[in-house]
Every structure is written in C-alpha cells, then in structure tokens.
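Report on the following structure.
Only the coordinates and a few stated rules stand behind these numbers; no lab work does. These numbers come from a predicted model, not from an experiment. Note: ideal-geometry Cβ built from the backbone for every residue, glycine included; neighbour counts use all protein chains shown.
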Ligand code: IDP
Ligand code: MG
C-alpha cells in the first residue's frame, strides 16, 4: 500500500466540486485515511511550490493557492501515487484529457482544481507538511 497527498485547490472548493472529486477517488477504491479543510498561508504555499519559485507565474500561483479554503486528503491504495496522478490529468490544460479531473473540470493551467504528490519522496514530504 502507498499513501499520497491530494489538495483540492481553492477553485475546486469554490466551484463546489469537492464531493465529485472525492467520489472519483472512492470509486477507484482508494481509502481516505485523513481529510480536513484549511487555508494555505503564503509561507506554506511558497514552500510547497518552491521548485517553481523562478517561474514567471509563481506570484500568481501563490496568490491563487492562498485565495480561499482548500481540502487536504491523505489517500491510501495500491500504487496510489502514480494512480492518483493519472486521475488528475496533465498540468497543461490543453493536454489534460477528458476523463481526468483536470480534463473534465479545469479551463486553466494555473487554476487546475487539484494537486497530488508526484513521487514517493515528495509524497513523504507533503504528508509530513500537511498531516503531521
Ligand atoms: P502539477 O500540479 O501537475 O504537479 P507542477 O509543474 O508541479 O504541476 O506545477 C504546480 C502548479 O503550478 C500547477 O498545478 C499549476 O497550478 C501551476 N502551473 C504549472 N505550470 C504552469 C504554467 O506553465 N503556467 C501557469 N501555471 C502553471
Ligand atoms: Mg507538481
């Protein structure tokens, strides 16, 4: 079993997509180990996206991520990290294919509804960051 960290981003909460997104993970037989709603501080958003700090869209990304409540999910399942990334769809809005969460709901590369850990190392760090 593997654990991964998902964030339903502020646009996902604002657009009232929380239930439908969680439904998809449950439909795929992933277990919700822990879950809560909260607001990212600017400092935590900057830390979470530190790998992008030199990108031109970084200030915009931090503003967006701190613009309202988000929902944190600690999901567990077989190959959960790779599986959940597949379920999210590509980062680029035009490459997120229908059937994925981003492919079905996102109309922007920045405001793209969901985050999920992209590898074991980051899953460990992100679970620690938001659940420990
Ligand atoms: P990921 O969320 O699919 O892992 P990352 O490259 O880690 O993608 O980027 C983190 C977040 O930064 C994305 O989910 C998106 O919100 C935003 N982002 C990434 N690339 C771009 C871009 O080219 N333009 C605008 N926003 C972007
Ligand atoms: Mg990423």
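What the table shows:
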{"read-out": "Listed residues 38, 68, 12, most fluctuating in the chain (Gaussian network, C-alpha, under 10 Å)", "value": "38"}
{"read-out": "Part-to-part distance (alpha-carbon centres) for segment 75-113 and segment 5-34, which is given in Å", "value": "12"}
{"read-out": "Segment residue 26-residue 92, length gained on full extension (0.36 nm per residue, minus Cα span)", "value": "21.2 nm"}
{"read-out": "Segment 60-109 shape via C-alpha gyration tensor axes, a/c threshold 1.5", "value": "oblate"}
{"read-out": "Mean Cα-pair separation over length for the chain, i.e. relative contact order, pairs under 8 Å, 6 or more apart, %", "value": "37"}
{"read-out": "Relative contact order computed over segment 79-119 (Cα-Cα under 8 Å; 6+ residues apart), in percent", "value": "39"}
{"read-out": "Fewest-first ranking of 65, 35, 87, 1, using other Cβ atoms within 10 Å as the exposure measure", "value": "1, 35, 87, 65"}
{"read-out": "The chain shape via C-alpha gyration tensor axes, a/c threshold 1.5", "value": "rounded"}
{"read-out": "Estimated FRET transfer efficiency (residue 58, residue 124; beta-carbon r; R0 41 Å; 0.05)", "value": "0.95"}
{"read-out": "Among 24, 16, 85, residue whose mean-square fluctuation peaks in a GNM of the chain (springs only between Cα atoms under 10 Å)", "value": "16"}
